[in-house]
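Just so it is clear, none of the values below were taken in a lab; they were calculated from the coordinates. These numbers were taken from a predicted model, which means no experiment stands behind them. Cβ atoms come from the backbone with ideal geometry, glycine included; neighbour counts cover every protein chain shown.
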Amino acid sequence: MKVVAIGGGTGLSTLLRGLKQFVPDYIQSLTAIVTVSDNGGSTGILRKEMNIPAPGDVRNCITALAEDEDILTQVMQYRFTEGEGLKGHSFGNLFLTVLTKITGNFLTAVEITSKILKIKGKIIPSTDSLVNLVAEFTDGKVIKGEVEITEYGRKLVAKIKRIWLEPENVKAPQEAVEAIMEADLIILGPGSLFTSVIPNLLIKDIREAVLNSPAYKVYVCNVMTQFGETDDFTASDHVKALNKVVTGDENKNFINAVILNTTIPPDDVLKRYLKENSEPVVADAGNLSRMGLTVYAKDLLEEGNYARHSPTKLNKTILEIIENLKVKNVSV
């Protein structure tokens, strides 16, 4: 079974940390295609000053797939809390930056780092070009930059109407396209719909490969909405937004199945999120089924102070999908 996971942020790294447990018994080939449009924090500073693609999400995914999360992995994730010019930077981000400058190639830097940490899979940035995420809101305002888009959305004055990359004609690495075309299973998400998942699909090569790949395609829907981005979105609204980007028609599916959380967070957790204008995504399984999609609706909530997926529960569901595909002879 060849599996490709597409996304960014903490969602993708959490997913990968679980999926690596299935390598090589259930998954023979695991590839993560990671967005590089982040412009916040240490990543944003390095992007601007060193003129390289955003390293943060890539770093998180590399460490998530590390065979043994030992001291070296901890070193890569270490964030400086003091020191002029160093405070706020992750060592892993600096390491990727140095390797990029030495080799002259961001993809090579990622590959070398992956070998050093002996990762159980492959990490491929969705592009090695410097890109910016740009969004037009329903009030006509055009905002440039992932962080700026999120901050404007939090003002609750408008919603995202359209989103794109600048420059728009960037290329994806050929190995990313090949991995998608050869995949048996493609997993999109979990993660911020407009700033973690969709940015990858805005790259034409990635979008067309996903659309044309014979792989079984699964979307892991978020547990909570994100204000200014997915306010009032049901699960089917998330799928329609993905459809619009990939097929050009919100009602034309390219996804085969959706994984949904059906559990409401505890009251104290829920109230905290509601204060931030974030609420549980409505698991409208009926609408998804009417759209022709297979629905895996389950309790996927992690216990604790945050409303997020339980890696164990999510991975159990993905393993169920893999087993179903094997039974149907979709893959060997």
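In order along region 190-202, phi translates into HN-Hα couplings of x, x, 4, 4, 8, 10, 10, 8, 4, x, 5, 7, 6 Hz, rounded to whole numbers, per the Karplus curve 6.51 cos²θ - 1.76 cosθ + 1.60 with θ = phi - 60° and x for Gly and Pro.
Here is the P(r) of region 36-125: all C-alpha pair distances, binned every 10 Å from 0, give 18, 53, 27, 1 in whole percents. Computed on region 36-125, with alpha-carbon pairs under 8 angstrom and 6+ residues apart, the relative contact order is 30 percent. Taken over the C-alpha atoms, region 70-185 has Rg and Dmax values of 18.0, 49 angstrom. Straight-line reach from K48: which lysines fall under 16 Å, measuring Cα to Cα and dropping same-chain residues less than 8 apart? In chain and number order, the partners are K101, K144.
Local charge for L130 was computed over the other residues whose Cβ lies under 11 Å away, with Lys and Arg +1 and Asp and Glu -1, and equals 0. Simple point charges give the picture: +1 on the Cβ of Lys and Arg, -1 on the Cβ of Asp and Glu, and for region 36-125 a dipole about the Cα centre of about 240 debye. Normalised by 2.2 N^0.38 Å, where N counts its residues, the alpha-carbon radius of gyration of the chain equals 0.95. Below 8 Å between Cα atoms, with a sequence gap of 6+, how large is the relative contact order for the chain in percent? Computed value for the chain: 17 percent relative contact order. Note on E323 and D70: the extension gain reaches 88.0 nm, defined as 0.36 nm multiplied by sequence separation minus the Cα-Cα distance.
Taking a point 7 Å from the Cα of K252 along the Cα-to-Cβ direction, the residues of region 227-245 with backbone N closer than 18 Å to it are 239-245. Close amide-amide hydrogen proximity is noted between T263 and L300, L301, each under 5 Å apart and 5 or more residues distant or on a separate chain (H modeled in the peptide plane; Pro and chain starts excluded). Each residue of region 167-176 was assigned a 3J(HN,Hα) from its phi angle through the Karplus expression (A = 6.51, B = -1.76, C = 1.60, θ = phi - 60°), giving x, 7, 9, 5, 9, 8, x, 4, 5, 5 Hz with x at Gly and Pro.
When only Cα pairs below 8 angstrom with a gap of at least 6 residues are kept, region 131-262 shows a relative contact order of 23 percent.
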